[in-house]
Amino acid sequence: MSGFIEEKSFMLPRVALIACGCFSPPTPMHMRLFEIARDYFELRGTHKVVGGIISPTHDSYGKKGLAPALDRCAMIKLAAQSSNWIRLSDWEVHQPQWMRTKAVLHYHQNYLNNYINSPYDEEPNELLPGWLPPGLRERRDPIRLKLLCGADLLESFAVPGLWADEDIEEIVANHGLVVITRCGSNPEKFIFDSDILTKYQQNITLITNWVPNEVSSSLVRRLLSRGESVKYLLDDMVLNYIKRQGLYNVKSLDTPPEGRE
């Protein structure tokens with residue numbers, strides 16, 4: 001029976017998940033999105049998730065509270081250290097300027113499938129990007145890269161001037177969205193209200209997160225700047241890095257009294 005299950009899994013269409021954003025700092029919920037999405041696909045037996053990619057935005061994005069890319073990449077590596085499938089891509093931060101999300105997806109999608117179809121000896125392993133999932137050449141079928149996000153990104157499509165319609169259409173039509181929603185939210189209504197999203201709704205996967213976590217990067221930054229504890233809201237290694245580097249106007253780098261973070 002186990003052999004049959006393994007064979008069935010081997011035949012499933014393959015997808016990779018990519019999350020784009022600031023990650024300033026990365027929180028456990030950023031990592032949880034990947035786990036929730038992979039469970040959804042694999043427990044339903046519809047897709048094989050081959051990898052997760054975190055792509056932090058370029059420094060020139062200029063959002064308030066954005067730590068330098070070097071620090072954000074270091075924190076993402078620390079946050080993903082316990083995962084064997086979620087990896088950092090620093091391609092975006094090393095571009096000459098801020099990149100649109102569709103360009104980030106286009107690059108990673110093309111690299112994945114070009115790698116699968118290239119001769120095995122074309123590129124030494126040490127020259128391959130660190131975000132590339134292992135074992136991709138076990139099969140030759142293409143991998144579809146899907147944009148993983150929370151419901152807030154889906155809703156941001158309606159903010160005037162924030163997204164170009166052609167960008168939204170290309171992302172949803174050519175890649176697809178995996179949207180992790182909160183219990184009680186109504187993303188179906190939001191999709192219905194958008195002509196573009198309705199047109200490609202078969203490419204949008206809605207997944208309810210039944211264990212809500214409202215911790216956000218902005219909340220963490222606010223607490224840090226006030227000298228309040230954020231222990232258990234961040235990975236300990238990420239928190240220690242923030243203190244060492246003095247990020248986010250952290251009030252004190254001293255060791256706090258016992259019982260305090």
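Can you tell which of Leu154, Leu239, Leu247 is crowded, with 18+ Cβ neighbours inside 10 Å, under 22 Å from Pro28 (Cβ atoms) and touching a residue at least 60 places away in the same chain (Cβ under 8 Å)? Every option except Leu247 fails the conditions. Residues that are crowded, with 18+ Cβ neighbours inside 10 Å, closer than 24 Å to Tyr111 by Cβ, out of contact with any Leu (no Cβ under 6 Å at 6 or more places or on another chain) and hydrophobic (A, V, I, L, M, F, W, C) within segment 35-72 comprise Phe41, Val49, Val50, Ile53, Ala69, listed in sequence order. For Met99, the conditions (1) in contact (Cβ under 8 Å) with a residue 24 or more places away in the chain; (2) surrounded by fewer than 18 Cβ atoms within 10 Å (Cβ to Cβ) all hold with the exception of (2). Would you confirm whether or not segment 159-168 contains a residue that is closer than 26 Å to Pro13 by Cα and in contact with a helix residue (DSSP H, G or I) (Cβ under 9 Å, 6 or more places away or on another chain)? Scanning segment 159-168, I find at least one residue that is closer than 26 Å to Pro13 by Cα and in contact with a helix residue (DSSP H, G or I) (Cβ under 9 Å, 6 or more places away or on another chain), so the answer is yes. What number goes with the only condition from (1) loosely packed, with under 11 Cβ neighbours inside 10 Å; (2) within 19 Å of Ile36 (Cα to Cα) that Thr181 does not pass? Condition not satisfied by Thr181: (1).
If you go through segment 190-221 and keep only what is exposed (fewer than 15 other Cβ atoms within 10 Å of the Cβ) and part of a helix (DSSP H, G or I), you end up with Phe192, Asp195, Thr198, Lys199, Gln202, Ser218, Leu219. Residues Leu148, Leu112: which one is modelled with pLDDT of 90 or more, in a helix (DSSP H, G or I), buried (at least 19 other Cβ atoms within 10 Å of the Cβ) and not charged (D, E, K, R)? Going through Leu148, Leu112 in turn, the sole match is Leu112. For Asn84, work out the one condition from (1) part of a helix (DSSP H, G or I); (2) open to solvent by 60 Å² or more (accessible area, probe 1.4 Å); (3) within 22 Å of Arg137 (Cα to Cα) it doesn't fulfil. Going through the list (1) part of a helix (DSSP H, G or I); (2) open to solvent by 60 Å² or more (accessible area, probe 1.4 Å); (3) within 22 Å of Arg137 (Cα to Cα), Asn84 breaks only (1). Every test in (1) modelled with pLDDT of 95 or more; (2) over 25 Å from the mean Cα position of the chain (by Cα); (3) among the polar types (S, T, N, Q) is passed by Asn249 save one, and that test is (1).
The values are calculated or read from the model by the stated rules, or taken from the named source; none is laboratory data. Remember, predicted model here, so these are calculated numbers, not experimental data. So basically every Cβ, Gly included, is an ideal-geometry build from the backbone, and we count neighbours across all protein chains shown. Protein only, heavy atoms only, side chains kept; ligands, DNA and RNA dropped before computing areas. Shrake-Rupley method; radii C 1.70, N 1.55, O 1.52, S 1.80 Å.
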